[in-house]
Amino acid sequence: MTTTDELVDSIAGMALFADLTTPQLEAVAHRFEERLFPEGERILRQGLSGSGFYVIVEGAASVVVDGTPRATLIRGDFFGEVSILLGESPVADVVALRALRCLVLPGSDVELFLLDHPKVMFRILQAQARRLRNANRWRS
């Protein structure tokens, strides 16, 4: 596991946390749990309850719907937020393509975290808008 300073340096360059001050980044490093997932591990399971908000610090993961890979997630990408915000099961599996290091916030802590960090909430909304726009392009 990395030190708080190393983690702060790593997440400072991520778009999700770009608007946060150094003390806020340090708070993120303390509030989120660092988790490691080996290649091939299924982190989220389609149809089962989602358990957290994940931010990829290192590695890559595949979003798989009904056995079909739909997207690849890399450093700075995040997942799990939709299930938490909607109170529904994930609509996809997320599987580590190679060793994966994530910051994880338990689902029960997400609302308070977002209310305490509205700029992070805005960045999540921007990412969701991009995902929606891209999904609509694929349909055309």
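Tabulated data
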read-out: Ala127 being among the small types (Gly, Ala, Ser) and modelled with pLDDT of 95 or more; value: no
read-out: Options Phe32, Phe17, Phe53, Phe79: the member that is crowded, with 20+ Cβ neighbours inside 10 Å and either over 26 Å from Ala135 (Cα atoms) or of a type in the set (Lys, Arg) (or both); value: Phe32
read-out: Counted residues, segment 78-100 - those being within 11 Å of the chain's Cα centre (by Cα) and not in a helix (DSSP H, G or I); value: 4
read-out: Residues being out of contact with any helix residue (DSSP H, G or I) (no Cβ under 9 Å at 6 or more places or on another chain) and in contact (Cβ under 8 Å) with a residue 12 or more places away in the chain - total across segment 26-67; value: 23
read-out: Segment 55-67: number of residues that are of a type outside the set (Ser, Thr, Tyr) and assigned to a strand (DSSP E or B); value: 8
read-out: Members of segment 88-108 that are farther than 22 Å from Val57 by Cβ and either surrounded by 14 or more Cβ atoms within 10 Å (Cβ to Cβ) or hydrophobic (A, V, I, L, M, F, W, C) (or both); value: Val91
read-out: All positions within segment 27-54 that are part of a loop (DSSP other than H, G, I, E, B) and over 9 Å from Cys102 (Cβ atoms); value: Pro38, Glu39, Gly40, Glu41, Arg45, Gln46, Gly47, Leu48, Ser49, Gly50, Ser51
read-out: Answer from Arg131, Arg70, Arg75, Arg137 - the residue that is outside any helix (DSSP H, G or I), out of contact with any Leu (no Cβ under 6 Å at 6 or more places or on another chain), without any contact (Cβ under 8 Å) to a residue 24 or more places away in the chain and of a type outside the set (Gly, Ala, Ser); value: Arg70
read-out: Any hit, segment 108-122, residues being within 17 Å of Leu48 (Cα to Cα), assigned to a helix (DSSP H, G or I) and of a type outside the set (A, V, I, L, M); value: yes
read-out: Unique residue being of a type in the set (A, V, I, L, M, F, W, C), under 19 Å from Arg42 (Cβ atoms), in contact with a strand residue (DSSP E or B) (Cβ under 9 Å, 6 or more places away or on another chain) and at pLDDT 95 or above when the list is Val104, Val65; value: Val104
read-out: Residue under evaluation Glu111, criteria (1) at pLDDT 90 or above; (2) surrounded by 14 or more Cβ atoms within 10 Å (Cβ to Cβ); (3) within 15 Å of the chain's Cα centre (by Cα), criterion not met; value: (2)
read-out: Count - residues of segment 92-119 that are under 19 Å from Arg131 (Cα atoms) and either in contact with a helix residue (DSSP H, G or I) (Cβ under 8 Å, 6 or more places away or on another chain) or basic (Lys, Arg) (or both); value: 1
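The values are calculated or read from the model by the stated rules, or taken from the named source; none is laboratory data. Given the structure is predicted, the values throughout are model-derived calculations rather than measurements. When we count neighbours, we look across all protein chains shown, and the Cβ atoms used for this are built from the backbone with ideal geometry, even at glycine.
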